[in-house]
Amino acid sequence: MLSFESVKNIAYLEPETSFSEMAKDEFCRKFEIKCESTPIKTIKQIVEFVEQNPDNLGVLPVENTLDGTVRESFDCLISSANPNIRILAEMIMPIEYCLLSKTTEFYSLSGLIATPRLFGKCHDFIQNEMPRNLNLVEAPTMLDAAHELNNYNLTYSAIGNRKIAEVCMLNVLKENIHDDKDNRTTYILIGDRETVETGKDTTTIAFSTNNTPGALLEILKIFLENNINLSYISSRPSKTNPHQYIFIVNFDGHIHNENMLRAINDIKPKTSLFRYLGSYKKA
């Protein structure tokens, strides 16, 4: 079990009451982390925040089932000035939207406040289940929508999440009102510390190969020779060299395993860039 007794602060993507804050809350609950938390504007600033103090942690989104990989999260980890900033844990969070209101009477509703994006994401529910002739009011964020309820009578509602309901003391009239029920985001916890082997671990590395025929195949053979199962591999153009690609690879096992260390030692000389991004328990 990871020890986080010395942690002083944990950063997440703003705004407050976002799904990133909900992920932060879940990490804190799971690992019994008791510290201050700080909402920060960008992923790059979160990584820099963690670099500044080994007692800081950060929460980053890395993949969404609808939008794919969050490239900035991996790019910032790979280019971090502190090579000891690593992935410590991961979590998969369902992205669920709720209908919120000060009233408890669903069928008395006459208005709905939400961001334009959420009107689209909850289109089927609004069309098929909400009362007819709703007055639709746009707001810039989910939290703003909840605050706007103070400017309307009790027959108005807003689209938000459970964190907003908790913070703004609103009733949850309907759950899971979004159209895509499979919307999930994977979040990671990052920090400057070591993890322990759990027996159900994933290791993540990033590397670039030399621009020669068969260079990637040589590296993949090393995983095969060491009986290591690859669970994920992706590539992206390097930001510094238009002819260079960076590969992100997840494989089963912890870096402390003997065959893992042997494979890593064999891979490094065959790369032009190598970054160990962490070993952590599978979500």
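Quick note: the coordinates plus some simple rules give every number you see, no bench work behind them. Since the structure is predicted, the reported quantities are computational estimates derived from the model, not experimental observations. Note that each Cβ is placed from the backbone with ideal geometry, even for glycine, and that neighbours are counted across all protein chains shown.
One table, with the values for the structure above:
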{"quantity": "Helix axis angle, 19-30 relative to the chain longest principal axis, alpha carbon, degrees", "calculated": "70 degrees"}
{"quantity": "Helix 215-225 axis, angle to the chain major axis (alpha carbon atoms, nearest 10°)", "calculated": "90 degrees"}
{"quantity": "Mean separation of Cα contacts under 8 Å (6+ apart) over length of the chain, as relative contact order %", "calculated": "22 percent"}
{"quantity": "Anisotropy class of the stretch 98-174 from Cα gyration tensor, a/c 1.5 cut", "calculated": "rounded"}
{"quantity": "Prolate/oblate/rounded label for the stretch 110-267 (Cα gyration tensor, a/c 1.5)", "calculated": "prolate"}
{"quantity": "Crossing angle, helix 258-267 versus the chain [Cα axis fit, 0-90 degrees, rounded to tens]", "calculated": "80 degrees"}
{"quantity": "Cα-centred dipole magnitude for the stretch 138-283, charges only on beta-carbon of K, R (+1) and D, E (-1), debye, nearest 20", "calculated": "380 debye"}
{"quantity": "Global form of the chain, assessed from the alpha-carbon gyration tensor, a/c cut-off 1.5", "calculated": "prolate"}
{"quantity": "Whole-angstrom gap from the stretch 246-267 to the stretch 88-148, using each part's C-alpha centre", "calculated": "44 Å"}
